[in-house]
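The values are calculated or read from the model by the stated rules, or taken from the named source; none is laboratory data. On a predicted model such as this, the values are computed, not experimentally measured, just so you know. Cβ sites come from the backbone with ideal geometry, for glycine too, and all protein chains shown count toward neighbours.
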Amino acid sequence: MAGARFIVQADGGSRGNPGPAGYGAVVLDARTGEILAEAAEFIGRATNNVAEYKGLIAGLKAARALDPDARILVEMDSKLVVEQMSGRWKIKHPDMQPLAAEARGVAGRGNVEYTWIPREKNKEADRLANEAMDAGKHGRQWEPKARAAAAPVVDEPLPAAPAPRAGWAAPADLGAPTTLVFLRHGETPLTPLRQFSGSTGSDPGLSEKGVWQAERTAEALAARGTVQAVVCSPMLRTRQTAEAVARRLGLDVRIEEGLRELDFGDWEGLTFAEVMERHPDDLTAFFGSAKAKPTGSAESLTTLAHRAGQARDKILARYPGKTVLVVSHVSPIKTLVRLALGAPPDAVHRMELSAASLCAVQYYSDGNASLRLLNDTSHLR
């Protein structure tokens, strides 16, 4: 295997940041895409960044064990690690400096490159990191699962990776796509005041206007006749909105915890201006990094993306080929749209999402997604 070319994909996570943490890494043959090695470990209490660096180190060690002289392309969805290891960003945090030094020592000189990939392209490493954290939760360490033997590699061109599809229908061999129609809940008393309303605040219900919006949305969706299931966040405002639609359609409502709004911590119930006055540094950091958290919150947009992505995957697995109404909130819906587009995390700050607006994304069996609708409020006019 001398002179081999490997791809190392690595990830790490922390449930609480800091909290119970773990990492995962895979080594791929750059030519065939075959998984050559896997590594994962529960590392106890740590931050996301520490877990990500440890995942990188484990992936590099696994690659070097296969071939000390291999050329390695590291792919990670951590912009921080990629930029720091590429030498473009300074490493200021004292916890990161020794980890980066260790990674450089394992990497060697001149034959490792780093590139950022969106989270959805890093699913194997993300899966392993979560398996490691799940194992730690039960007081044990991660153990590799047996993999089926790889098919013999023949010397022929590899098929091109699936390209983003903007067509009107899925090719016949992919079957019918699963369509998720995202509905932001109707107005609450806090909505017109533009007050932060997350998952740990007062949990307001719909206002009189919000009830009207939910009913108008129900009429419109009933007229279209395409929705086959209704799933919603556990918050009161989303349940009221979902129930209004479900009654009209004759469907039940299924609750999905991962669709709840971001925890806004000490910002709950405050306006943007009030947060800017009381917590200016935290607000600036929040808009500057997906890993920054609102003051007093346990969640960042990165954390939200992880749980919302898991909720999406559960829905797709439960309702293949169907059209599902997903009633949620501003942050989860923007995040899922952003993930469908493969856009960077800060794209969520460039989207407008009105109360009771509709978005729609189609998901195909080859892993592609197509955004079909964004912030549609025509049914309210």
Query raised in the report: Which of the residues belonging to the range 185-217 are touching a helix residue (DSSP H, G or I) at 6+ places or on another chain (Cβ under 7 Å), more than 26 Å from Ala298 (Cα to Cα) and surrounded by fewer than 21 Cβ atoms within 10 Å (Cβ to Cβ)?
Result: Glu215, Arg216
Requested in this report: Output yes when any residue across the range 224-238 is touching a helix residue (DSSP H, G or I) at 6+ places or on another chain (Cβ under 6 Å), in a helix (DSSP H, G or I) and buried (at least 23 other Cβ atoms within 10 Å of the Cβ), and no when none is.
Outcome: no
Requested in this report: Tell me which residues, restricted to the range 22-42, are among the hydrophobic types (A, V, I, L, M, F, W, C) and either touching a Lys or Arg at 6+ places or on another chain (Cβ under 6 Å) or more than 19 Å from Pro144 (Cβ to Cβ) (or both).
Outcome: Ala30
Query raised in the report: Does Thr284 satisfy being in a helix (DSSP H, G or I), without any contact (Cβ under 8 Å) to a residue 40 or more places away in the chain and polar (S, T, N, Q)?
Result: yes
Report task. Check the range 325-337 and report whether any residue there is of a type outside the set (Val, Ile, Thr), modelled with pLDDT under 95, crowded, with 17+ Cβ neighbours inside 10 Å and not assigned by TED's automatic domain parsing to the domain that holds Val81. Result -> no
Requested in this report: For the range 259-281, name all the residues that are at positive phi and not in a loop (DSSP other than H, G, I, E, B).
Outcome: Gly265
Query raised in the report: Only one of (1) more than 27 Å from Gly210 (Cα to Cα); (2) surrounded by 15 or more Cβ atoms within 10 Å (Cβ to Cβ) is not met by Pro344, so which one is it?
Result: (2)
Requested in this report: Considering only the range 292-332, state which residues are among the hydrophobic types (A, V, I, L, M, F, W, C) and part of a loop (DSSP other than H, G, I, E, B).
Outcome: Ala292, Ala298
Report task. Please determine, by comparing only the residues of the range 239-258 that are in a helix (DSSP H, G or I) and among the basic types (Lys, Arg), which one is nearest to Ala305 (Cα to Cα). Result -> Arg239
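For every residue, the table says whether it meets (1) part of a strand (DSSP E or B); (2) among the polar types (S, T, N, Q); (3) within 20 Å of Ala132 (Cα to Cα).
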{"position": "Gly12", "(1), (2), (3)": "yes, no, yes"}
{"position": "Thr32", "(1), (2), (3)": "no, yes, no"}
{"position": "Glu38", "(1), (2), (3)": "yes, no, yes"}
{"position": "Ala63", "(1), (2), (3)": "no, no, yes"}
{"position": "Ile72", "(1), (2), (3)": "yes, no, no"}
{"position": "Val82", "(1), (2), (3)": "no, no, no"}
Query - Which numbered condition Ala343 fails, given (1) within 13 Å of the chain's Cα centre (by Cα); (2) at pLDDT 95 or above; (3) part of a loop (DSSP other than H, G, I, E, B) - result: (2)
